[in-house]
Structures are given as C-alpha cells and as structure tokens.
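Taking it in order: structure first as structure tokens, then the write-up.
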Amino acid sequence: MTSSSQKALSPVQLDWNGFLSNLRREGTPDRVYYFEHGVADNVQAAVAEMFGLWDGLAGSASEIEWKRREALHAYLGQELFRVFPPGARIVPPKREGAWAEESKGVITTWEEFEKFPWPDPSGADYSVFEYFDRNLRDNMRVFHVVDIWEVVVGFFGFESLAYAVYEDRDLVDAMFDKVGRFAAAVTEAVCDFNCYAGVYIADDLAFNTSLFMAPELLRELIVPWHKRIAEIAHAHNKLFLFHCCGNMYPLIEDYIGAVQIDAKHSFEEAILPVTEVKRRYGDRLTLLGGMDVDFLARRSPAEIEAKTRGMLEVCMPGGGYFLGSGNWVTEYIPPDNYLAMLRAARQFTAR
C-alpha cells in the first residue's frame, strides 16, 4: 500500500434531500455529490481493508454482505448504491463460453421462444429491500439494474436480431414484449419499498461512433418500453435513471423529452466528454459520473486529482452533476486512483 492509500477520506454528511435537490438542478450544491454504477468487489475489499470498514460486522451471510455494501458506500460518500435482488433480472443463457452472443443466441425461432422456461417476476427475492427498509441508515437509498434491450440482444445474438427485425418482426416484437413485461412487473414490485430510490435502466444502445440500429428502429423497439418503465417509476414518486454506453446522442432528445429521464449515466472521452455534455444539455439533463475509466485506470493520482478539479469546475455550477467514474469502478482501476478522485472532490469548493 502507498502512503496515499492510508490517508482516510474526509467524512461526508449524507443528505438525501440535498441529493434530490442536486438531481433536480435547483442550484449549485454546497458540496460534491457522488454516484457509481458499481464498484468491483476487489476494489471494495481493498478500500474496506485500508480503513477497517468491515471490521466487526455480524449477522447471516446475506446480512453481512448488505452491511458491507452500506458501510463501503457511506464511507465513499454515496447516498445511493446498487443492490442485487436474486431473480429480478432475466439473464439470457449462452450457447457456449462466457461471452455475449454476437451471432446466434438461444432464441431465434418461434419454437425456441415458446419452449424457453421464462422466469416469473413474482419469483424474485426482495429480501435485500425488506432488510434495508428496516435497517438502512438515514439519508441513504438503494437501486438495482433493470435491462430490456440487452436481454433481447442476449437471447437473439446481435447479428440474428438485426436480420430478424426485417425477416421475423413479429418474433422480435414478442421478445421485447416478454422481456419488457417482466421488467415492468419487477418495477411495480420494487417501487413499493421505501429504501428503493428509483429504476436504473442499463441498456447500451450504441458504440463509439453510432447507435447499434437506426434511430427510427430504436424508437419503435425500445424507447416505448423505457418510457413505460419511467412512467411506472414516476407514478410511484421514484426516479428513473438511464445508463447507456456509446454514442446514443441521436436519441438524447427522446430521452430528455419523451422518456423524461431524471439523469443520464456513462460517458467516455472518446465519444463526448462529460464536460461537453454539461455544456450542451446541462440545463435540462442531470449527469452521473464522467471520469473516463481508461484515464482513471492508467494515470497517476496527481493527474486524476487535477482532472477531477477541472471537471467539477465545469459541471458543478447550477447543480445536476454527480461525480463518479464514466462507467463503473472496474477491477483494474487501482484503489489509490479511485481514492485520489474522491479526495480531490472532498477538497473542492464550488466557485
């Protein structure tokens, strides 16, 4: 461990009302707020060991895991953190290996669709929400990931889906309906929990230079489902947060206007730096994260601190910005680098 990793982070006074005020862009906040899509297990364990965050935790195996997540994210200064309720997502099986299907997935025909043992959303295990409804500390909330597009792509394989859109559109529509209805049912269920802050849709619709399909197709296939899930969340007074990697900006007005997302996550320097997104859309769109993952992984703590200050100078004014990684804190990001970003933020004063 380096000497920098031994220096504890300055404590953050968690403030859920302040979190919401910043999210609603109600003015420049008096401190930096934070958000992460996720933090890799090895990074969590390293930070926890550095500062004794998990010492003395007791309970069942599940309770210890939940307590660890709460303690870690409270230390990092995050009012909102991710949990993993079993059975609350459809996970497409793969024909072979561990990689996503690019060519032919497990469902490309009506026969395969009808024979597949589709999970029942009522079978999801919401124990984690029940626990946190009773035990979560004040000013903290949780979220979990919902996905639709990526599930359908996983079942078809992207190449097969691209053909099926033109050759068997009824099957494609049936797949989106099956997966979308599952996501909607889960959303209805989890919105009943007080600890649950809102829906976090994680659907990557694009790559570095373009959407995966024409905007017109995506407006037919996936945007209406995202709009429906957003409407369920908002009807329960919950947030709708949208994670999308890649150059999805041909659809950004759809998501700001029609879907009415509360915030956008995932930013890459090679596509559009978060500072530029702030300049273009910051008066209408709240931004989550933005520190490029490659920069966070490869550069020195001093370079990361400098970049953090520069990002905050641009993104903090007026509210609507939460500091974090551009995607998630991956296993190959040195803990010292991640802590360097947080230390710079702790010392930052909005001007």
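Beta carbons within 10 angstrom, averaged per residue: use that to sort the peptides 218-226, 167-175, highest first. Intermediate values should be presented prior to the final figure.
Numbers: 218-226: 19.8, 167-175: 15.2.
Descending packing order for the listed peptides: 218-226, 167-175.
What translational diffusion coefficient, to the nearest whole µm²/s, does the chain have by Stokes-Einstein, given a Kirkwood radius computed over alpha-carbon pairs, a temperature of 4 °C and 1.567 mPa s viscosity? Write down the numbers at each step before the final one.
Values: Rh = 21.1 Å.
Taking Rh from Cα pairs, D becomes 61 µm²/s.
Using alpha-carbon positions, what is the distance between the centroids of the range 84-154 and the range 193-269, in Å?
Here the answer is 17 Å between Cα centres.
What net charge do the residues around Asn139 carry, taking every other residue with its C-beta under 11 Å from that of Asn139, with Lys and Arg at +1 and Asp and Glu at -1? Show your work: numbers first, answer last.
Details: positive: Arg137, Arg141; negative: Asp15, Glu79, Asp138.
That sum, taken over residues with Cβ under 11 Å, equals -1.
Tilt of helix 223-235 relative to the longest C-alpha principal axis of the chain, in degrees (0 to 90, nearest 10)?
The helix 223-235 is inclined about 50 degrees to the chain.
Within 10 Å, count the other beta carbons around each residue, average over each peptide in 180-186, 318-324, and list them highest first. Don't skip to the end; give the middle numbers.
Values: 180-186: 19.9, 318-324: 25.0.
In descending order of packing, they fall as 318-324, 180-186.
Order of 326-336, 117-127 by packing, highest average Cβ count within 10 Å first?
Numbers: 326-336: 19.5, 117-127: 13.0.
The densest-packed peptide leads the list: 326-336, 117-127.
Please compute the Cα-Cα pair-distance distribution of the range 125-189 with 5 Å bins starting at 0, giving whole percents from short to long.
4, 15, 20, 16, 12, 10, 9, 7, 5, 3, 1
If I fit a long axis through the Cα atoms of helix 301-315 and take the longest principal axis of the Cα atoms of the chain, what angle between them do I get, 0 to 90°, rounded to 10?
Value to nearest ten degrees: 70.
No lab work stands behind these numbers, since they all come straight from the coordinates. Worth saying up front: this structure is predicted, and the values here are computed from it rather than measured. With ideal geometry, Cβ positions are generated from the backbone for all residues, glycine too; neighbour counts draw on all protein chains shown.
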